[in-house]
1. What pairs come up if the first residue lies in the stretch 160-182 and is open to solvent by 40 Å² or more (accessible area, probe 1.4 Å), the second is among the charged types (D, E, K, R) and at pLDDT 95 or above, and their beta carbons are under 8 Å apart, counting only those six or more places apart or on different chains?
2. Do the conditions hold for ASP41, that is, is it of a type in the set (Asp, Glu), at positive phi and open to solvent by 40 Å² or more (accessible area, probe 1.4 Å)?
3. Could you list, in sequence order, all residues of the stretch 1-28 that are over 17 Å from PHE213 (Cα atoms) and surrounded by 12 or more Cβ atoms within 10 Å (Cβ to Cβ)?
4. Any idea which residue in the stretch 127-158 is nearest to the chain's Cα centre (by Cα), counting only those that are within 19 Å of VAL49 (Cβ to Cβ) and β-branched (Val, Ile, Thr)?
5. In this structure, is ALA94 at pLDDT below 90, over 20 Å from the mean Cα position of the chain (by Cα), more than 18 Å from PRO16 (Cα to Cα) and not hydroxyl-bearing (Ser, Thr, Tyr)?
6. Only one of ILE46, ILE87 is open to solvent by 40 Å² or more (accessible area, probe 1.4 Å), more than 19 Å from ASP126 (Cα to Cα), in contact (Cβ under 8 Å) with a residue 12 or more places away in the chain and among the hydrophobic types (A, V, I, L, M, F, W, C); which?
7. Look through the stretch 188-241, keep the residues that are aromatic (Phe, Trp, Tyr) and part of a strand (DSSP E or B), and return whichever of them is most open to solvent (accessible area, probe 1.4 Å).
Amino acid sequence: MRSPFSITPIGTLQSPFKEKFAVPRQPGLAPSALAHLKLHDDANQIEAVRGIEQYSHLWLLFLFDQNLEKGWRPTVRPPRLGGNERIGVFASRATFRPNGIGMSAVELVDVSQDNGQVTLTLRGCDLVDQTPIIDIKPYIPYSDSIADAQGGFAQTKPTPMDVRFSDNALQALSQSPYQAYHQRVISEVLAQDPRPAYKQGKKDDKCYAVHLFDFNVRFYVQPTQILVVAVEAFVETPPHC
């Protein structure tokens, strides 16, 4: 039975990940990626974050806003299980959930206030750009980190693939004043192989495109590496490889 509770976001996250396809599947898998949490309305006051800088990491509670209208099912197919085996939604971190709420542990880099806007700079987020944030809580190491915890089918971190850039892609990146940062984040994201789980480990000649920062990043997945063939200004429909 539905309850009358309602939730109002306290801020919006700005991240390099402009679409769901680009988002790392867990926090910390793209550790170089910076994001900015802009607080809203009554939460947008420096008093609300007084003392937060004493914590190195935070929990973000957020809404899977792009999935809310699509509903949910009691079982899901996690990518870590190849996308074939079903388990219960509550035994997973699937994005399609009864209340569409997610949580991520992220690193706090900086707290600032500029022209009345309070902003938290964060590292290692796994959230799509413009995600609504509904709460922030400090990460407490002695209680939140459990050394002998069991992680089920996700006990170990996935092994990243090697990522290589073509000369054309490197030339395009060299035009950016943030070349090293952009290249590092693109590498960390693609190293996780963002393709659907059923394609992983199989021959695949398709050219993929992903929207990261203000770029269309086009790449091929080869047997032993990922090859970035183009880094271009973003357009809604990127050209074919």
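1. PRO160/GLU188
2. On the way: of a type in the set (Asp, Glu): yes; at positive phi: yes; open to solvent by 40 Å² or more (accessible area, probe 1.4 Å): yes.
Taking the combined requirement at face value, the residue satisfies it.
3. First, pick out the residues of the stretch 1-28 that are over 17 Å from PHE213 (Cα atoms): 1-11, 25-28.
Within the stretch 1-28, ILE7, PRO9, ILE10, GLY11, ARG25, GLN26, PRO27, GLY28 qualify.
4. THR131
5. It is false that ALA94 is at pLDDT below 90, over 20 Å from the mean Cα position of the chain (by Cα), more than 18 Å from PRO16 (Cα to Cα) and not hydroxyl-bearing (Ser, Thr, Tyr).
6. Numbers: ILE87 fails: open to solvent by 40 Å² or more (accessible area, probe 1.4 Å).
Unique residue meeting the criteria: ILE46.
7. The initial filter retains those residues of the stretch 188-241 that are aromatic (Phe, Trp, Tyr), namely 198, 208, 213, 215, 219-220, 234.
In the following step, the residues that additionally are part of a strand (DSSP E or B) were identified as 208, 215, 219-220.
On the way: TYR208: 15, PHE215: 35, PHE219: 0, TYR220: 68 Å².
The qualifying residue most open to solvent (accessible area, probe 1.4 Å) is TYR220.
Yes/no per residue for (1) exposed (fewer than 12 other Cβ atoms within 10 Å of the Cβ); (2) part of a strand (DSSP E or B); (3) touching a helix residue (DSSP H, G or I) at 6+ places or on another chain (Cβ under 6 Å):
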residue: ALA105; (1), (2), (3): no, yes, no
residue: LEU108; (1), (2), (3): no, yes, no
residue: VAL118; (1), (2), (3): no, yes, yes
residue: ASP126; (1), (2), (3): no, no, no
residue: ASP129; (1), (2), (3): no, no, no
residue: PRO132; (1), (2), (3): no, yes, no
residue: LYS137; (1), (2), (3): no, yes, no
residue: ILE146; (1), (2), (3): yes, no, no
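The values are calculated or read from the model by the stated rules, or taken from the named source; none is laboratory data. Given the structure is predicted, the values throughout are model-derived calculations rather than measurements. No Cβ is skipped: glycine too gets one built from the backbone with ideal geometry, and neighbour counts run over all protein chains shown. All accessible areas refer to the heavy atoms of the entire protein, side chains included, with ligands and DNA or RNA removed. Shrake-Rupley method; radii C 1.70, N 1.55, O 1.52, S 1.80 Å.
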